[in-house]
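Student: Before I ask anything, let me first share the structure, which is written out below as structure tokens.
The numbers here are math on the coordinates, done by the rules we state, and not lab data. Bear in mind the structure is a predicted one, so any value in this text is a computation, not a measurement. Because the Cβ atoms are built from the backbone with ideal geometry, glycine has one as well, and the counts that use them run over all protein chains shown.
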Amino acid sequence: MRSRLAALGLCVLGGGSVLVTDTPGGSKTIGVVVLAAVGAILATKGWVRRAVAGVTVALGLLMLTGGTAMAIAAGLLIVAGGVIAFVNAPRWPTMGARYERKQDTDMWSAIDRGEDPTARN
């Protein structure tokens, strides 16, 4: 739990900091993509989660080349968060089953039999 909060918090701090400060335009784009990656890390699982974390590390490294002190600081935060996510992501819980689509076969069976599944008995 702590590693997840640390990783995502570092990425949000790094990505968000370039959005609220006066940094070059390319840095702002990377910041937006990193913030989107945080959501993707939360929503995915398995190898996809690890791939998104790897892309986040690459974006942080790209941010390090920004030249300004803020871009470099943000890049360090993003790289640190991405590495933590990459290493620990397999141990993190996935979103609950309530978010996954379930097939209601009883309803479809009732429709196939010519019944109205929404009618009250």
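Student: Which one of Trp47, Ser109, Val87 is farthest out on the positive end of the charge dipole of the chain, using unit charges on Cβ (Lys, Arg +1; Asp, Glu -1) and the Cα centre as origin?
Tutor: With unit charges placed on the Cβ atoms, the residue in question is Val87.
Student: Order 66-73, 28-35 from most to least packed using the mean count of other Cβ atoms within 10 Å.
Tutor: In descending order of packing, they fall as 28-35, 66-73.
Student: With charges set only on the Cβ (+1 for Lys and Arg, -1 for Asp and Glu), what does the dipole of the chain come to about its Cα centre, in debye to the nearest 20?
Tutor: The calculation lands at about 420 debye.
Student: Give the Rg/Rh ratio for the chain, taking Rg as the radius of gyration of the Cα atoms and Rh as the Kirkwood radius, to two decimals.
Tutor: Across the chain, the Cα-based Rg/Rh ratio is 1.29.
Student: Right, next: As a test of the formula, what do you get for the chain when each DSSP H run with n ≥ 4 contributes -39,500 (n - 2.57) and the sum is divided by the residue count, at 222 nm and rounded to the nearest 500 deg cm²/dmol?
Tutor: So the calculated ellipticity at 222 nm is -23500 deg cm²/dmol.
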